[in-house]
Amino acid sequence: MQIDMTVNGTFESDDVEARTLLVHFLRDAVGLTGTNVGCDTSSCGACTVLLNGQSVKSCTVLAAQASGEQVTTIEGLARPTGEMHPVQRSFRECHGLQCGYCTPGMVMAVTSLLAENSEPTEEEIRIGLEGNLCRCTGYHNIVAAALAASVNPELRT
Amino acid sequence: MIPAKFDYVRAGSLDEAIALLVEHGDDAKLLAGGHSLLPLMKLRLAQPALLVDIGPLRELSYVKEENGYVALGALTRHHDIATSPVALAGSPVLAHVAGQIGDPQVRHRGTIGGSIAHGDPASDLPAVLLALGGTLVAQGPNGRREIDAKDFFLSFFEVALSPEEVLVEVRVPFAPGGQWGFEKLTKRAQDWAIVGAVAARTPTGVGVALINMGPVPLRSGAVEAAVASGASAAQAAELAAEGTAPLADFNGSVAYREQVARVLVRRALERAGV
C-alpha cells in the first residue's frame with residue numbers, strides 16, 4: 001500500500017506492506033537508523049520517536065497508521081547547521097549515556113516529556129521515563145540530563 | 001517480530017467502519033490505538049485478515065459532561081483523559097487510572113475504547129468502570145444501544161459487542177469530589193497488575209472492583225454489601241477473595257493473589273473514606 005508522511009520535515013513516500021511497522025519504515029525505507037529496535041514488545045522504549053510531537057513506540061505503530069502524519073526521529077532534533085538540540089547537549093554534558101543503545105529513545109522521550117511539563121521535578125522525570133529502559137542502568141545521569149535540559153532557556157522559546 | 005499479512009483500510013467515517021464490519025464479519029478487527037491488538041498480532045496470537053483503522057476518527061475523541069455523566073469518546077487516548085479538566089473534575093479516579101496505564105508512550109496511543117473492548121481482565125480501566133457503575137454505548141448497523149458495564153465482560157477476552165458493533169462511547173457518573181482509592185501491585189514500572197483494586201463512592205454506595213482476579217474484571221459484591229451494612233474497611237476487605245477465580249502463574253499462587261486482593265481492597269476502601 002502507498003503511504004506518505006513527513007519525517008523530520010521531509011516528505012517521504014513509499015509502497016509498503018500493510019504490516020510494516022513504523023520503526024522498520026523509518027530504518028529500512030527512509031534510511032534513518034538512529035531509531036533502534038530493542039525489545040520489539042513496546043517495553044524498552046529504544047524505538048521512541050515523536051508522532052505529531054508526542055512520544056510513541058515505533059515498534060507498536062504501523063507505518064500505515066502514521067501515514068499523513070508528522071514524525072520526528074533523533075536525526076531530526078539537531079538544527080540544520082548541525083548544532084545539537086538542547087536535550088542532546090544535556091545528555092552529552094551530563095554523561096547521560098553509557099553504551100548509547102537506549103539514548104535515541106531516551107532523548108526523544110525527554111523531549112516529549114519537557115514539551116508537556118517544562119518544569120518537571122526529579123520524581124516526575126523518573127516516572128515520565130518509565131517507558132524507557134537502560135540496560136547499563138545509567139539512570140542517574142539520564143535523569144540529571146533531563147533536569148539540566150529542563151532549565152535550559154532555549155527550550156522555552 | 002512482524003505481524004502476519006493482513007489488509008488495511010482506514011475508515012473515513014463510523015458508518016464506513018460498521019459497513020466494513022458487516023461485510024467482513026469475524027475476519028475484520030478494528031484498530032484504534034493498536035496497543036493491545038498490535039502486540040498480539042506481532043506474537044501471531046491474533047491474525048485478522050483485515051484491519052479497519054478507526055484511530056483517525058477524531059469525532060470519537062472527546063471528554064464532556066452530559067446529563068450527569070462524564071462521557072468519553074471511545075477513541076480518546078489515555079493521555080488525553082489523564083489531562084482532561086472535565087475528567088479530572090468529574091471522575092478523578094478515571095483520570096488518575098488513565099494516567100497509570102503503561103507508560104507515557106503507551107498513553108499517547110492507547111484509547112479507552114480499545115482497552116475496554118479488548119476485555120483483558122488484567123487491564124485497569126474495566127475495573128474502574130465496574131466500580132463506578134459505568135455504561136458503554138455501542139453502535140452497529142441497527143443503531144445504538146447502551147450496555148451496563150456489569151453486563152459487558154462475558155469471559156476471557158470476550159465482551160458483549162457483536163462482530164458488527166463499534167464501541168463508541170464510555171460513560172461514568174459525574175461525581176466531582178467523590179472519594180476513591182486505586183491500588184495496583186506490579187513488580188516493575190509499566191507492568192500489568194498482578195492484582196489491582198478500585199473502590200469509589202458513587203451515588204448508590206461504594207463500588208469495589210478487582211483487576212486480574214479471574215477471567216473477567218470482577219465487581220466485588222460481597223465487599224460492597226459489607227460496606228453498605230456498616231462494616232469497616234478491614235472487615236469488608238476480608239471478603240475480597242469471595243467469588244474470585246485467579247490464575248496461578250510465575251507472579252504468584254492463587255492463595256497469594258487472594259491475600260493481595262484482601263490487602264489492596266482494604267487500602268482502596270480506606271482511601272475512599274470507608
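Descriptive notes on the structure:
- The residue pairs whose first member lies in region A:50-62 and is more than 7 Å from chain B (Cβ to nearest Cβ) and without any contact (Cβ under 8 Å) to a residue 60 or more places away in the chain, whose second member is surrounded by fewer than 24 Cβ atoms within 10 Å (Cβ to Cβ) and assigned to a strand (DSSP E or B), and whose beta carbons are closer than 6 Å, counting only pairs six or more residues apart or on different chains, are A:52/A:70.
- The listed residue being among the charged types (D, E, K, R), at negative phi and buried (at least 22 other Cβ atoms within 10 Å of the Cβ), out of B:169, B:164: B:169
- Beta carbons closer than 6 Å, at least 6 apart along the sequence or on distinct chains, pair a first residue in region A:118-132 that is at the interface with chain B (Cβ under 8 Å from one of its Cβ atoms) and without any contact (Cβ under 8 Å) to a residue 40 or more places away in the chain with a second that is surrounded by 12 or more Cβ atoms within 10 Å (Cβ to Cβ) and among the charged types (D, E, K, R) for A:130/B:103.
- Scanning region A:125-151 for residues that are of a type outside the set (Gly, Ala, Ser), touching a helix residue (DSSP H, G or I) at 6+ places or on another chain (Cβ under 8 Å), closer than 14 Å to residue B:104 by Cβ and part of a helix (DSSP H, G or I) returns A:125, A:126.
- Here residue A:105 meets the list (1) more than 14 Å from chain B (Cβ to nearest Cβ); (2) under 28 Å from residue B:188 (Cβ atoms); (3) of a type in the set (Gly, Ala, Ser); (4) touching a residue at least 12 places away in the same chain (Cβ under 8 Å) almost entirely, failing just condition (1).
- Residue count for region B:56-80 satisfying the condition of being within 17 Å of residue B:99 (Cα to Cα) and modelled with pLDDT under 95: 0.
- Failed item, numbered, when residue A:34 is tested on (1) surrounded by 19 or more Cβ atoms within 10 Å (Cβ to Cβ); (2) under 15 Å from the mean Cα position of the chain (by Cα); (3) away from chain B (no Cβ under 12 Å): (1)
- For region A:73-80, the count of residues that are within 13 Å of chain B (Cβ to nearest Cβ) and either free of Cβ contacts under 8 Å to residues at least 40 places away in the same chain or assigned to a strand (DSSP E or B) (or both) is zero.
The values are calculated or read from the model by the stated rules, or taken from the named source; none is laboratory data. Quick caveat, the model's predicted, so the values are computed rather than measured. When we count neighbours, we look across all protein chains shown, and the Cβ atoms used for this are built from the backbone with ideal geometry, even at glycine.
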